[in-house]
There are 2 protein chains.
Amino acid sequence: MRLEFLAVSIQFQIEATNGPGRVGRLTTPHGEIETPVFMPVGTLASVKGVPQDVLEELGVQILLGNTYHLYLRPGVETVRRMGGLHGLMSWDRAILTDSGGFQVFSLNELRKVSEDGVTFRSHLDGSSHFFSPESAMAAQIGLGADIIMAFDECTEYPAERERVRASMEMTLRWAERSRKYFEGHRNEVPWGSSQLAAGSSQEMQIPRFARDDKAVEEGATQSLFGIVQGGMDRELRRESALRTVEMGFPGYAIGGLSVGEPRALTREIVESTLEYLPADKPRYLMGVGTPEEIAEYALLGVDMMDCVLPTRAARHGLLFTSQGKISIKQAQYAQDESPLDPNCGCRVCRRYSRAYLRHLYASNELLAQVLNTVHNLSYYLDTMRAVRHSIQLGERARFLAERSRPKP
Amino acid sequence: MRLEFLAVSIQFQIEATNGPGRVGRLTTPHGEIETPVFMPVGTLASVKGVPQDVLEELGVQILLGNTYHLYLRPGVETVRRMGGLHGLMSWDRAILTDSGGFQVFSLNELRKVSEDGVTFRSHLDGSSHFFSPESAMAAQIGLGADIIMAFDECTEYPAERERVRASMEMTLRWAERSRKYFEGHRNEVPWGSSQLAAGSSQEMQIPRFARDDKAVEEGATQSLFGIVQGGMDRELRRESALRTVEMGFPGYAIGGLSVGEPRALTREIVESTLEYLPADKPRYLMGVGTPEEIAEYALLGVDMMDCVLPTRAARHGLLFTSQGKISIKQAQYAQDESPLDPNCGCRVCRRYSRAYLRHLYASNELLAQVLNTVHNLSYYLDTMRAVRHSIQLGERARFLAERSRPKP
């Protein structure tokens, strides 16, 4: 019964597989996503420096927003009144928000965790706030992303086994509370026909952008994903995965990685955890990684990833290219008339020289950050396109091989 | 003889007049410019935060670069090797550079003026440099703008009459030295067929962008404009204008205004100086102004203007609209779903709400500066379009009125 209702809001279709890797299509109320997908991070309802039409041109199908940051600025109520993040940003494609758990975890000194939730201080003005599974859900419903995440505790690294187990158990209890709250309030999403009906009783405005939104089907609403924790312990990861899957979410994330552990360990935990996640649901690995890593994880069967690396590195002049990483500030590029990446077709590589990008960066010009970000995002999205293509080719090759095998 | 040669590089055609205002077409080696024109400032070979394709879409036909800043970063030799500013920036439309005189003038404590030229200290690292009329010309030839400016002294305000006269006389001597140096080195421009031939003797590279440049006609090169000074003294302005015109430049600028004098005085000096500038040559008023001012000066017969106001104000959240100036940081816009300017068709007003622009600005997001700049430039360019249109309509109305008059 519940699953039928969920099916209105999200659908996942696997179209090709090659080993554990798979190519799929994730249908959300705001459009389709080809998976495996890389989701650029738009922390404060903006991918820093990049206008939405350029994101569209790059082929971005889903963006990530950070609940913690958006809760502080501009505030959930403002976003809700603007029709959610889609209305505020004027972005008609899909959006995912994190639960705020990881961001609050990053505050270190400024937080206090209890069974109820987390008390934390704003990094902006030191004011005190509280996130519980319920209030984190309420915030994410107000923000109105297509996919929202259960409120979890990101276990620190390293940690004792007992500490990891206790943290994992609390995340499971919080997952149940998140689910329960979400089930009771999912009709409050600030877009779609449910809201158009519900909104009339309040003085809520439906902004023009949301009104124009023809993509949202009747009855469609948000989807809540569960998050697997369990630190670097394969056994606890297995248990966390099985018990989270038992609750029944339309998608599952692997959280609590990229917290300082060696990369080989990350990979080991990812690979072993994936075994316990259902094959017919999207799998989201949170907060990774380099271009090589995202390709590797995609081939292991991860469907969704996000990372600040391409955008943050760009703002520091670190550019990913088919010929390796380039630090554009270096003097060797000062008179280099070649494009940043001769194998890249992005609007930056098509038009500008390394010399120009180097000059902009060395002169601290705003345009450096804009152009560098566009290129790095393009490189990440191209990487994922190549991975999808290779999985599809692999399946076709296997299909052809099987067909040419002599019949018994 | 000299004038014939100049005609290859620049042509000015007046197409309509209405009172002193005129609509014209300025043809440069890098395309045509409809006048009166507003030239966005791209100090360091970039209009801060705006990619070149967006400038093209806005209809920018000519950009301004600052010789002083480009001389320091990335340096004239680097720009020259990249094919001049056009090659470095990958910008095929027209460019104008200032002479560096005004920028050096702004350094105040850091400069020393003599008959020879100006010794100044870099605002970046305090290193000592020297600009003479000859070296300022050499720099501007290396930068390769379509229109370059004679090296002048911008007289401070207020100043004694004798001081203004002495300064004006030196500017006249510097104009003659500028012209002489330019005539002897104009074939050294880093683009065009003259350079393609000349370049073979050196190890100079012609960058791919310059090579692709089909717009540059054979023999076309830069054009040097003279600058009228004379402080706030109408008589000295008249003398400066007449003696500068006597030297014979293909265009004339009015410099030394917007240096702290009251606006009414600016207007008075502009209007009285314009009388002494030849009607068949472009007239460039340097460093003004607000949207109202640029419209006003255009209707007085000014053909070209530049100002940092639209771009700098944008970065401070001050936006020009058909309904007046808006400070987007104000809380009243936090939930304002209307576009910034309902009468503006720019890509910012077509897509985003005031609430989003306010959020971006309040959150110190890079995109705020990008979008705000795009809108303000659009507003300035639209203002000039409207002025051109009104001059054309005025001429047509007069024409119709004359035709309908009964024949004698």
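Structure values in brief
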{"read-out": "Close Lys-Lys pairs in chain B, where close means Cα under 27 Å and separation is 8 or more or interchain", "value": "5"}
{"read-out": "Check: the protein assembly as shown dipole with +1 on Lys, Arg Cβ and -1 on Asp, Glu Cβ, in debye", "value": "560 debye"}
{"read-out": "Additional length obtainable on full extension of the chain from residue B:180 to residue B:11, 0.36 nm per residue less Cα span", "value": "58.7 nm"}
{"read-out": "Listed residues B:246, B:156, B:134, most fluctuating in chain B (Gaussian network, C-alpha, under 10 Å)", "value": "B:246"}
{"read-out": "Using a 7 Å Cα-to-Cβ projection, residue A:364 label spacings across copies, nm, ascending", "value": "1.4"}
{"read-out": "Segment B:359-408 versus segment B:336-351: alpha-carbon centroid distance in Å", "value": "16 Å"}
{"read-out": "Gain upon complete extension [residue B:292, residue B:390; 0.36 nm per residue less C-alpha separation]", "value": "33.8 nm"}
{"read-out": "Surrounding net charge for residue B:18, when Lys and Arg each add one and Asp and Glu each subtract one, Cβ distance under 11 Å", "value": "+3"}
{"read-out": "Sum of side-chain charges, residue B:271 neighbourhood, beta-carbon under 13 Å (Lys, Arg +1; Asp, Glu -1)", "value": "+2"}
{"read-out": "Ellipticity estimate at 222 nm from DSSP helix runs (n ≥ 4, -39,500 (n - 2.57)) divided over chain B, nearest 500", "value": "-13500 deg cm²/dmol"}
{"read-out": "Chain lengthening between residue B:156 and residue B:113 when straightened (0.36 nm per residue, less Cα-Cα)", "value": "14.2 nm"}
{"read-out": "Cβ-placed point charges (K, R +1; D, E -1), dipole of chain A about Cα centre in debye, nearest 20", "value": "740 debye"}
{"read-out": "Pairwise centroid distance, computed over Cα atoms, of segment A:239-304 with segment B:45-86, Å", "value": "46 Å"}
{"read-out": "Inter-centroid distance (Cα atoms) of segment B:96-167 relative to segment A:98-154, Å", "value": "56 Å"}
{"read-out": "FRET efficiency estimate (nearest 0.05) - Cβ-Cβ, residue A:400 to residue A:364, R0 56 angstrom", "value": "0.55"}
{"read-out": "Sum of side-chain charges, residue B:305 neighbourhood, beta-carbon under 11 Å (Lys, Arg +1; Asp, Glu -1)", "value": "-3"}
{"read-out": "Relative contact order %, chain A, counting alpha carbon pairs below 8 Å whose residues are six or more apart", "value": "18 percent"}
{"read-out": "Exposure proxy ranking, count of Cβ atoms within 10 Å, fewest first, for B:240, B:128", "value": "B:128, B:240"}
{"read-out": "Lys, Arg +1 and Asp, Glu -1 on Cβ, resulting dipole of segment B:1-137 about Cα centre, debye, nearest 20", "value": "240 debye"}
{"read-out": "For the protein assembly as shown, alpha-carbon Rg over 2.2 N^0.38 Å", "value": "1.11"}
{"read-out": "For segment B:243-249, Karplus couplings with θ = phi - 60° (6.51, -1.76, 1.60), whole Hz, Gly/Pro x", "value": "6, 5, 4, 4, 5, x, 10"}
{"read-out": "For chain B, alpha-carbon Rg relative to the globular expectation (2.2 N^0.38 Å, N residues)", "value": "1.00"}
{"read-out": "Segment B:290-359: trypsin sites (Lys or Arg not before Pro) in DSSP loop, at most 13 other beta carbons within 10 Å", "value": "none"}
{"read-out": "Inter-copy label distances at residue A:158 (7 Å, Cα→Cβ; nm, one decimal)", "value": "7.7"}
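Every read-out reported here was derived from the displayed coordinates using simple, explicitly stated rules and does not represent laboratory data. Everything quoted here is computed from the prediction, not taken from an experiment. Note that we place each Cβ from the backbone using ideal geometry, even for glycine, and neighbour counts take in every protein chain shown.
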